Structures are given as structure tokens and as C-alpha cells.
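Have a look at the structure below before the remarks.
The values are calculated or read from the model by the stated rules, or taken from the named source; none is laboratory data. Keep in mind the model is a prediction, meaning the values are calculated, not measured. Reconstructed Cβ throughout: ideal geometry from the backbone, glycine too, with neighbour counts over all protein chains shown. Heavy atoms of the whole protein, side chains included, go into the accessibility calculation; ligands, DNA and RNA do not. Shrake-Rupley method; radii C 1.70, N 1.55, O 1.52, S 1.80 Å.
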Amino acid sequence: MAREPRERKDREERDSEFVDRLVHINRVAKVVKGGRRFGFAALVVVGDQKGRVGFGHGKAREVPEAIRKATEAAKRALIRVPLREGRTLHHDVAGRHGAGKVVLRAAPAGTGIIAGGPMRAVFESLGMHDVVAKSLGSSNPYNLVRATIDALKHEDSPRSVAARRGIKVSQLQSRRGDADGASADA
């Protein structure tokens, strides 16, 4: 019996490290013999503001229950995203889901988050400070969040690229400097 409160306290501490953002609530109606029965669907983005983010979708008859279900689903679906200097992307990346397309671009320090509502929620939960994003196609919040997560899954850090190529990170970074210098000379 004494172990149970400690487990609950550990779970609350683990949950408190996450920031959750409600992105969208949709009211749906089911027409039945006596009239309409209303239900609610919630889209929630959860992140630890240190490079992990996930989204979840929950449906229930009451709004708070739908939000709780969506938050739990988001915590189960977390992904890790490598960030440059803990504030922006390493490289430009595009993502899509259905008709929703997004383009994410790395930005210099002080730019801030330049993005629409659903994408902004993902970036703030992720802990990203500087990014420029554009949504193309569908403006459906579900598709935009999924497309943004898809783009973030394709983000690579220099360390992982160097490991894949079998070279050192410093060698990879020096090539990057050579490419910038060569384009400046031309």
C-alpha cells in the first residue's frame, strides 16, 4: 500500500515535464431517434521543450475527457528531433500528409517562430525558438500537424549524417564551410 502513492508521484513528475497544447476541438453530432447526440474530438500536441514532441487525437462525449485521451495518446507517440544549438533546425525540410504540405526552414537567432497556428503549437512544444514555416495545400489542423511531424522526422543532425557516411563530424562541418566559401567566390 505504501508503494502506490510514490508511483503516482513519480508519474505526476514525469507528466509535469511535458507541455501540452490544445490545437483543435471538433464537435460532431450523431442523429438518433430522440434528437442529436453530441461528441467531441480533440487534437493535442505534447512536448518537453527539449527536443521531444508528439501529437494525439481523442474522442469522447465530454470535452475534458477527449482532451485527456488525446494527451495520453500524444505522450505515447513522442519523437525526438535534433535541434541546432537547441533553437532551430539543422537544414530545410519538407513534409506532407494527405493534402497538407509544409516547408520548414532553419532561421538565424532572433527570428522567432514564423508559422501558422497548428505548426506553431508543434514548434513551441518542441522548444524550437527560430524557424520559418509555410503551409501549402490543406489548412486542416490534423493534416498540418501530421505533415509537420513528418517533416521533423526527416530532420538529420550532422552527427547522424557523419556516422552514416563513416566520417568525422569536423570533416563534415569543414566541407560545409568550403561550400559556403566557394559560392561566395563565384
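Among the residues of the range 72-83, is any within 27 Å of N26 (Cβ to Cβ) and in a strand (DSSP E or B)? Scanning the range 72-83 turns up at least one residue that is within 27 Å of N26 (Cβ to Cβ) and in a strand (DSSP E or B).
Here the condition is being open to solvent by 30 Å² or more (accessible area, probe 1.4 Å), over 17 Å from G54 (Cα atoms) and within 15 Å of the chain's Cα centre (by Cα); of R105, R84, it holds for R105 alone.
Which residues, counting only those in the range 87-102, are over 15 Å from G137 (Cβ atoms) and open to solvent by less than 20 Å² (accessible area, probe 1.4 Å)? Step through it out loud before you land on a result.
Start the filter on the range 87-102 by keeping residues that are over 15 Å from G137 (Cβ atoms), which leaves 87-93.
Answer for the range 87-102, where residues must be over 15 Å from G137 (Cβ atoms) and open to solvent by less than 20 Å² (accessible area, probe 1.4 Å): T88, L89, V93.
The set of residues in the range 126-167 that are under 22 Å from G56 (Cα atoms) and among the polar types (S, T, N, Q) comprises S135, S138, S139, N140, N143, T148. Take the residues of the range 18-27 that are out of contact with any Asp or Glu (no Cβ under 8 Å at 6 or more places or on another chain) and β-branched (V, I, T): which is nearest to R80 (Cα to Cα)? Only one residue tops the list, namely V23. Of everything in the range 28-54 that is under 18 Å from G86 (Cα atoms) and assigned to a strand (DSSP E or B), the residue that is most open to solvent (accessible area, probe 1.4 Å) is R52.
With among the aliphatic types (A, V, I, L, M) and either at pLDDT 95 or above or within 15 Å of the chain's Cα centre (by Cα) (or both) as the only criterion, which of L126, L136 stands out? First the steps, then the outcome.
Details: L136 fails: either at pLDDT 95 or above or within 15 Å of the chain's Cα centre (by Cα) (or both).
Exactly one of L126, L136 is among the aliphatic types (A, V, I, L, M) and either at pLDDT 95 or above or within 15 Å of the chain's Cα centre (by Cα) (or both), namely L126.
Restricting to the range 55-69, what's the tally of residues that are among the small types (G, A, S) and either in contact (Cβ under 8 Å) with a residue 40 or more places away in the chain or loosely packed, with under 15 Cβ neighbours inside 10 Å (or both)?
In the first step, residues of the range 55-69 are kept if they are among the small types (G, A, S); the result is 56, 58, 60, 66.
With either in contact (Cβ under 8 Å) with a residue 40 or more places away in the chain or loosely packed, with under 15 Cβ neighbours inside 10 Å (or both) added as a condition, the list becomes 66.
Matching residues across the range 55-69 total 1.
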